[in-house]
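A quick write-up on the structure given underneath.
The values are calculated or read from the model by the stated rules, or taken from the named source; none is laboratory data. Just so we're clear, the structure is a prediction, and the values are computed from it rather than from any experiment. Note that each Cβ is placed from the backbone with ideal geometry, even for glycine, and that neighbours are counted across all protein chains shown.
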Amino acid sequence: MTDLSRRSALRRLAQGTALLSAGLPSLAALSSRLGAASNDDAYWEMVRRQFPFREARVPMNAANLCPAPRVVAEAVVELTQDIDVDCSFNNRRKFKTMLELSRKQVADQLGVDSDEVALVRNTSEANNIINNGLPLKAGDEVLLWDQNHPTNNVAWQVRAARFHSSVKRVETPSEPTRIDQLIAPFEQALGARTKVLALTHVSNVSGMRLPIRELCELAQRRNIHVHVDGAQTWGAFNLNLRELRCDSFAASSHKWFCGPKEVGLLYVKRDRIAEIWPSLVSPGWGSDVGPDVKGARKFESFGQRDDARLAAIATTVDFHRLVGFDRVEARIVELAGALKAGLKAEGFRLITPEDPKLSGGVCIMRVPSRKGQEVFNQLYTRYGIAGAATGGLRLCPHIYNTMAHIDRAIAAVREMRSMIVEV
Ligand SMILES: Cc1ncc(COP(=O)(O)O)c(C=O)c1O
């Protein structure tokens, strides 16, 4: 982390602290430790200690849900209490400013403008806002990756049934070695009727990563809207959405971002905002859906929101910034690389590509489907590692995991070999 970015993180902390003295100062107290230049085991042990889980129950399922660091969880509790002690309009006025601070922090993290960021409830909702809101006509076609999550897949099918649009699913090679092998199937499928390309940055069922920028370039030459489900990348990769070039991007705070539960992100590129209808109309949606009156805020007016959680998004961005967005990404690549290499060395077969250009933090190994539940269950009950039985055995390490956790997971899988390898 550069001195400049640390200074600006601290300035923002001071701003937050001035808004409410509860919760936020403890992050300021951590800044010199989290921002330390070292990258050794002691540093990562210190990062791990910022999270409250016990060694007997180690989370390794970031694709589903992550623990929040203590500073974030405490900020939510204290801000909630602040509302319960005095829920007057007068007291709650400051939350408007805090919401805008959260929005600005997320926008800065992702290299876009505040007006392009809506803080919704989760990826499912953000995907569905795009699906419901894009002005499609009968006969228009939506092209999907067949590995998309149901909220960016079945949801398009439901819409097609209602409005007579059509859906085409694109399959990609299961063991790609180069990104052009992932581009070609989409290029071949694009047609004159294609109006939307709905993608997933990193798949939750294979761990495969799509070359989003290249696919955006391909689609945008034809004025096709590219929507990206980034549930598996916000908080894991150091993203710049402008450079990624997508038109819209959805994610959840409670996954790799390690933020408050049930807060989500919907980014919509400035010149696409006006044409997309909000799914829910409530005060603040802006009947004047003209160019950019309220920007993407029109997508997040759902009536009364949980102001405390929305405010704690700013604290979460500061936590990432203090560790360093690049350092978070590099550590996830390091942990995922060590896990995949260790499993492979034991003779297990991976579904997820090993190459970081073709993958992210989601690591999946083959397990006979009828054994998936049992393996995942024993991994938790006997070895204290919480993974998932999604697409095989799915393990998704994050910065709160140490190399000792990776070694424990590999040793556990080795001990369960007879259950996993079919003779
Ligand atoms: C790729 C992808 N999209 C969307 C979702 C849904 O996320 P949420 O339940 O936070 O809306 C998930 C959940 O695992 C996912 O992996």
Selection within segment 368-388 - part of a loop (DSSP other than H, G, I, E, B) and modelled with pLDDT under 95: Pro368
Top-ranked residue in segment 356-375 [being closer than 24 Å to Phe257 by Cβ and touching a Leu at 6+ places or on another chain (Cβ under 8 Å); ranked as surrounded by the most Cβ atoms within 10 Å (Cβ to Cβ)]: Gly361
Near pairs, Cβ below 7 angstrom, 6+ apart or cross-chain, from segment 194-211 (in the same structural domain as Cys246 (by TED's automatic domain parsing) and within 12 Å of Asn152 (Cα to Cα)) to any residue that is within 11 Å of the ligand (Cβ to nearest atom) and of a type in the set (Phe, Trp, Tyr): Leu199/Trp145; Thr200/Trp145
Residue, nearest to the ligand (Cβ to nearest atom), within segment 201-221, restricted to residues that are modelled with pLDDT of 95 or more and part of a loop (DSSP other than H, G, I, E, B): Asn204
The one condition in (1) within 27 Å of Asn153 (Cβ to Cβ); (2) in the same structural domain as Ser174 (by TED's automatic domain parsing) that Gln304 fails to fulfil: (1)
Condition check for Ser279: within 16 Å of the ligand (Cβ to nearest atom), polar (S, T, N, Q) and under 13 Å from the mean Cα position of the chain (by Cα): no
Residue under evaluation Lys255, criteria (1) closer than 16 Å to Leu119 by Cα; (2) in a strand (DSSP E or B), criterion not met: (2)
Complete set of residues in segment 225-238 that are in a loop (DSSP other than H, G, I, E, B) and surrounded by fewer than 24 Cβ atoms within 10 Å (Cβ to Cβ): Asn238
Any hit, segment 93-109, residues being closer than 30 Å to Ala404 by Cβ and away from the ligand (no atom under 16 Å from the Cβ): yes
Residue within segment 240-247 that is surrounded by fewer than 24 Cβ atoms within 10 Å (Cβ to Cβ), at pLDDT below 95 and either within 16 Å of the ligand (Cβ to nearest atom) or in a helix (DSSP H, G or I) (or both) present: no
Of all residues in segment 123-136 being more than 13 Å from Phe299 (Cβ to Cβ) and within 16 Å of the ligand (Cβ to nearest atom), the one that is surrounded by the fewest Cβ atoms within 10 Å (Cβ to Cβ): Ser124
Test: residue in segment 183-195 that is within 16 Å of the ligand (Cβ to nearest atom), out of contact with any His (no Cβ under 9 Å at 6 or more places or on another chain) and not in a loop (DSSP other than H, G, I, E, B): no
Strands (runs of 3 or more DSSP E) within segment 76-178 that include 3 or more residues under 22 Å from Pro278 (Cβ atoms) and within 27 Å of the chain's Cα centre (by Cα): 117-120
Residue that is farther than 24 Å from Lys340 by Cβ and surrounded by fewer than 19 Cβ atoms within 10 Å (Cβ to Cβ), where the choices are Val263, Val281: Val281
